[in-house]
């Protein structure tokens, strides 16, 4: 990009006030630069806990920034304004970096904390509702094994049978009913705007940004998203995700969810090279991984029309836009994954890099629309959304994911 005064802002001075931004996991120091245009540009000072994770996040943010340029050159993604909101990250030292931040940003856990404060709930009540019944169940099970020959405790056996019927899905549904109404996010964001038109524009921009992140969350096999990892700007609806790094198995291959258990990277006639056909890849599947986060509050906020319309369209349009620039995307992916894997491996870096890139390409080709007389063009995106909303999978997630929200 050529230098132009409209694309760059010179730092005039540093704003004298310093702010503190809190979250459940960590706190940030926030300050502002005043540019020569008179505007404030806020930055967070982050102390990195894991250097490898921080450098990996910076690499994949760079990848998304490069792919935003590819999206801007495709007619389908450009007219829908499909792009990721990427913050600027400036490493100051190995453990300290600056992250550009809008004046006010809310994470989903802060939204739930506001709800808890209004109704006098404890933020950790859902966790207590999980562990207490499970501990009671395990104790009763052990007691039943020790006293299996005793016939005097009929009442205890009846209680034991009741607790045996307790499973994760029942706990998941009971926690949702007790602590997590579907309208928490909707009610909070609705109160931020004076007119419904402003709220509709905010929700549309939020949905576009979030759907684009969900696309990359699935393609790059990003680690499971919790309510602490997703933030949005109430003023604009732009979305940012923390710890946006791929999920590798012990052999540094990308972990796939069970929605990809039919993945065979064979006969990729639309691939980069015809000599790459019949590539056999050992893909590691995890049956409990969901492709992206689409829980009940997000579903209520986006509405069924938004999910069936904008959300599916973003997934298919983004995949279609990445099919045509094969060589460019292939080079980007290889460079980023090679640099990322060098911090974990010393041998077979090239082979594992090519394998991971082939896995990504296969997922992109699967999601891209295909002409068919008997199936809709967005059938794969529809199946992914159905998988992300599967309550059995959501009930098996780790409690720190807060899949009830």
- Of the conditions (1) buried (at least 21 other Cβ atoms within 10 Å of the Cβ); (2) in a helix (DSSP H, G or I); (3) touching a residue at least 24 places away in the same chain (Cβ under 8 Å), the single one that residue 300 does not satisfy is (1)
- Item | Options 194, 170; residue that is assigned to a loop (DSSP other than H, G, I, E, B) and either at pLDDT 90 or above or out of contact with any helix residue (DSSP H, G or I) (no Cβ under 7 Å at 6 or more places or on another chain) (or both) | 194
- Item | Set 209, 187: member being outside any loop (DSSP other than H, G, I, E, B), crowded, with 19+ Cβ neighbours inside 10 Å and at pLDDT 90 or above | 209
- Query: Any idea how many residues of the range 29-55 are touching a residue at least 40 places away in the same chain (Cβ under 8 Å) and closer than 29 Å to residue 343 by Cα?
  - Reply: 11
- Message: Please determine whether any residue of the range 353-360 is crowded, with 20+ Cβ neighbours inside 10 Å and either more than 22 Å from the chain's Cα centre (by Cα) or at pLDDT below 85 (or both).
- Response: yes
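Conditions (1) more than 19 Å from residue 308 (Cα to Cα); (2) touching a helix residue (DSSP H, G or I) at 6+ places or on another chain (Cβ under 7 Å), marked per residue:
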{"residue": "335", "(1), (2)": "yes, no"}
{"residue": "339", "(1), (2)": "yes, yes"}
{"residue": "344", "(1), (2)": "yes, no"}
{"residue": "347", "(1), (2)": "yes, no"}
{"residue": "353", "(1), (2)": "yes, yes"}
{"residue": "361", "(1), (2)": "yes, no"}
{"residue": "370", "(1), (2)": "no, no"}
{"residue": "375", "(1), (2)": "no, no"}
{"residue": "378", "(1), (2)": "no, yes"}
- Message: Any residue that is closer than 23 Å to residue 393 by Cβ, touching a residue at least 12 places away in the same chain (Cβ under 8 Å) and in a helix (DSSP H, G or I) - is there at least one of those in the range 218-231?
- Response: yes
- Query: In this structure, is residue 58 free of Cβ contacts under 8 Å to residues at least 40 places away in the same chain, surrounded by 14 or more Cβ atoms within 10 Å (Cβ to Cβ) and either in a strand (DSSP E or B) or in the same structural domain as residue 319 (by TED's automatic domain parsing) (or both)?
  - Reply: yes
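The values are calculated or read from the model by the stated rules, or taken from the named source; none is laboratory data. Keep in mind that what you see is a predicted model, and the values were worked out from it rather than measured. Every residue, glycine as well, gets a Cβ built from its backbone with ideal geometry; the counts of neighbours run over all protein chains shown.
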